[in-house]
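Encoded as structure tokens, the structure appears first; notes follow it.
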Amino acid sequence: SRAIPGARGGRRRPSLVLGIDPGWAHVGFALVERGERCFFVRRARTLNLGGMAPQERSRLIVETLTDLLTSVYGTAEAVDLIAIEDQRQSQIGQAKAGRFTAAISRVNEVVGMVTAVAQIRNVPVLELGPATWKKQIGAGGRADKAAVSRVVTALAGDLGKTSQHARDAA
């Protein structure tokens, strides 16, 4: 709901945001547009990457992100901002609990790929912690996935059979 520093046109509210829920086995993408009185999810999808070789995962993530940035209204200039869930707090907690795994560090690879493609396209990236974005949408910082899903549906309409990863991205 705030103006975003670095968004095209200075400190204005972005009208088109690409939300990303990063993961190693699944990556959720949602292209959300701010209308006059509500939000619209223009595209939402989840990449199911389980069982793929690392280089194939990377290729598919980069191709999908590039497609989303360039196919919207025929121009990359349409996307104002990429919002991605900040994984650092979760990873610190996992490491302190002795559960830091290779899969967790691979999520950082996904975040790195997203950031690199965004920089090439001159689209700013904003990393938001889960509690921050949950508060921003009105679900409360400790909301569970079901509560988040209900709020996203109320804000952006029914997303149909969209996966939880795409809903989190939205």
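Consider segment 13-48 and keep the residues that are within 21 Å of P124 (Cβ to Cβ), without any contact (Cβ under 8 Å) to a residue 60 or more places away in the chain and in a strand (DSSP E or B). The one that is least open to solvent (accessible area, probe 1.4 Å) is L31. Please go through segment 49-64 and give me each residue that is outside any helix (DSSP H, G or I) and in contact with a Leu (Cβ under 9 Å, 6 or more places away or on another chain), ordered by number. Those that are outside any helix (DSSP H, G or I) and in contact with a Leu (Cβ under 9 Å, 6 or more places away or on another chain): L49, M52.
Considering (1) modelled with pLDDT of 80 or more; (2) not in a helix (DSSP H, G or I), the lone condition that G98 does not fulfil carries the number (1).
Within segment 103-121, one or more residues are modelled with pLDDT under 80, buried (at least 17 other Cβ atoms within 10 Å of the Cβ), within 14 Å of the chain's Cα centre (by Cα) and closer than 27 Å to P54 by Cβ. Pairing residues of segment 139-162 that are basic (K, R) with residues that are part of a helix (DSSP H, G or I), at Cβ distances under 7 Å and at least 6 apart in sequence or on separate chains, gives K145/Q164.
The values are calculated or read from the model by the stated rules, or taken from the named source; none is laboratory data. The model shown is predicted, which means the values in this text are computed figures rather than measured ones. Here the Cβ is made from the backbone with ideal geometry for all residues, glycine too, and neighbour counts use every protein chain on show. Note: accessible area is taken over every heavy atom of the protein model, side chains too, but ligands, DNA and RNA are not part of it. Shrake-Rupley method; radii C 1.70, N 1.55, O 1.52, S 1.80 Å.
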